[in-house]
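Input: a single structure, listed below in C-alpha cells.
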Amino acid sequence: MVKKRLILIFLLSTFLILIGSIGYMFLENLDFFDSLWLTVVSVLTVGYGDAVPSTLGGKLFTLALIPIAIGIVTYSLGITAATIIEGTFSKEARMRKMEKKLSRLENHFILCGFGRVGEQVYEQLLKHDHTVVVIDRNEEVESHLDDQVLLLTGDATDDETLLKAGVEKAAGLVTTLPNDADNVFVTLTVKGLNDRLQVVARAEKQASEEKLKRAGADRVINPSHLGGRRMALSILKPVSIEYIDTILHAGYEDYNVEEIVVSSSSVWHRKSIKELNIRAIYGITIVGIKRGEQFIRNPDPDEYIHTGDVLIVFGEQSRLELFEKQA
C-alpha cells in the first residue's frame, strides 16, 4: 500500500513537471532547461523573479499550473503524513495486542533465534500444535511466521525481553542463536529467571557443549555432529535411514513418537507389557522406558510398568492418542 502511494506521488509530480516544461517551450519559446526551470519555480511557488512568463498564453498557463501543483503537493504531503501516522499507530496497536496475548500465555514455548536451525524447531513445534513465541532481532522474520505465532523483536539475552516472552510461565525454551556464547548467556539468564524451565540449547563447537550444560541447559544439541552422523549412516546403512525418513518425514504424518507419563490412577501400574498386550490391542510399540535416572531401551515383554514411568511409544497418531487416554 505504501509503495503504491509513493509511486502515485512520483508519477503525478513527473507528469506535472513534464507538462509544464513542454507548455512553456511552446508558449514562451524557451529551450528545455529554461522551461524546466520556470516550471519548477512556478510549481514550488518560489518566485525568484529571474524567469517569468511574458506572453498572455504563458501567464494563463501559469495560472492553471500553480493551483494544480498546489493540489498535488498538498495531496503528496497528506499521503506522506498519513503513511507515517498509520505506520506508527498500527505498529503501536500490534505491540499492545501482542503484549496482551503474551500476558495471558501459559505452558507455551519460547524460541530464541530464527535462523536455519530455529526455523526447523519452529516448524516442528507448530506441527504439534504448540503455542510459540519467537525472539529475534530481525523484524523481517515476521513474514516467515504463521499468524498464530508471536514475534518479539529484541535481544534474547536481555532479561526484560525474556520476561515479556513469558519465561516465568513457559513450558520450555529453545535457544538456536548462531553464537555459542550468546546461547550460554541466554541459558544462564533463563535459569536465573525460572530454574524449573526446560532449556534446549544449540552448540556449534564441541567445547561449548559442556559449558552450556554447566550453565543449566537440560539438553544440548550440536547440529554439525547430528548432520555428520546422519550423512555417515546414509552411506553405511542407506536402507535403514530411508525407512526412518519414509515413516517420519516423507508424508506419513499419521506416524509419530510420543512420550506418555503413567499416572498414579493408571490401570497399567505393576503390569507387564506382555500382560497388557499393548501391541495387539493398540497397534503401537514401546521403544523405551524412562524410569527416574534409568533408561530402559527396547524393553522386554516381561518388563513391568510403574507409576511415573515415561513410555516412549511409536505408532499411528490416532492409536497413540487412544493409548494415552488409558495412561
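Among Asp155, Asp159, Asp146, which is the only one that is out of contact with any strand residue (DSSP E or B) (no Cβ under 7 Å at 6 or more places or on another chain) and either open to solvent by less than 60 Å² (accessible area, probe 1.4 Å) or among the small types (Gly, Ala, Ser) (or both)?
Working: Asp159 fails: either open to solvent by less than 60 Å² (accessible area, probe 1.4 Å) or among the small types (Gly, Ala, Ser) (or both); Asp146 fails: either open to solvent by less than 60 Å² (accessible area, probe 1.4 Å) or among the small types (Gly, Ala, Ser) (or both).
So the residue among Asp155, Asp159, Asp146 that is out of contact with any strand residue (DSSP E or B) (no Cβ under 7 Å at 6 or more places or on another chain) and either open to solvent by less than 60 Å² (accessible area, probe 1.4 Å) or among the small types (Gly, Ala, Ser) (or both) is Asp155.
Scanning the range 270-311 for residues that are out of contact with any Lys or Arg (no Cβ under 7 Å at 6 or more places or on another chain), closer than 13 Å to Glu259 by Cα and among the aliphatic types (A, V, I, L, M) turns up Ile286, Val287, Ile289, Leu311.
Can you name the residue in the range 136-158 that is charged (D, E, K, R) and outside any loop (DSSP other than H, G, I, E, B) and, of all such residues, is modelled with the lowest pLDDT?
Let us first name the residues in the range 136-158 that are charged (D, E, K, R), namely 136-137, 139-140, 142, 146-147, 155, 158.
Adding the requirement that they be outside any loop (DSSP other than H, G, I, E, B) leaves 136, 139-140, 142.
Details: Asp136: 90, Glu139: 78, Glu140: 79, Glu142: 73.
Looking at the filtered set, the residue picked out is Glu142.
State the number of residues belonging to the range 168-219 that are open to solvent by less than 80 Å² (accessible area, probe 1.4 Å), of a type in the set (D, E, K, R) and in contact with a strand residue (DSSP E or B) (Cβ under 9 Å, 6 or more places away or on another chain). Summing the residues that are open to solvent by less than 80 Å² (accessible area, probe 1.4 Å), of a type in the set (D, E, K, R) and in contact with a strand residue (DSSP E or B) (Cβ under 9 Å, 6 or more places away or on another chain) in the range 168-219 gives 6. In a residue-by-residue description of the range 13-20, the property of being at pLDDT 80 or above, among the hydrophobic types (A, V, I, L, M, F, W, C), in a helix (DSSP H, G or I) and exposed (fewer than 12 other Cβ atoms within 10 Å of the Cβ) applies to at least one position.
Among the residues of the range 173-194, those identified as farther than 12 Å from Val220 by Cα and not aliphatic (A, V, I, L, M) are Pro178, Asn179, Asp182, Phe185, Thr189, Lys191, Gly192, Asn194. For the range 276-313, the set of residues classified as in a helix (DSSP H, G or I) and crowded, with 16+ Cβ neighbours inside 10 Å consists of Leu276, Ile278, Tyr282, listed by residue number. Restricting the range 223-259 to residues that are open to solvent by less than 60 Å² (accessible area, probe 1.4 Å) and more than 28 Å from the chain's Cα centre (by Cα), the residue that is modelled with the highest pLDDT is Ala232.
Evaluation of Phe89 against the conditions (1) modelled with pLDDT under 80; (2) outside any helix (DSSP H, G or I) shows that the sole unmet condition is (2). Residues in the range 260-275 that are in a loop (DSSP other than H, G, I, E, B), open to solvent by less than 80 Å² (accessible area, probe 1.4 Å), among the hydrophobic types (A, V, I, L, M, F, W, C) and over 25 Å from His128 (Cα atoms): Trp268 alone.
The values are calculated or read from the model by the stated rules, or taken from the named source; none is laboratory data. Model, not experiment: these values are computed from the prediction. Here Cβ is always computed from backbone atoms with ideal geometry, including for glycine, and neighbour counts include all displayed protein chains. Surface accessibility is based on the protein's heavy atoms, side chains included, excluding ligands, DNA and RNA. Shrake-Rupley method; radii C 1.70, N 1.55, O 1.52, S 1.80 Å.
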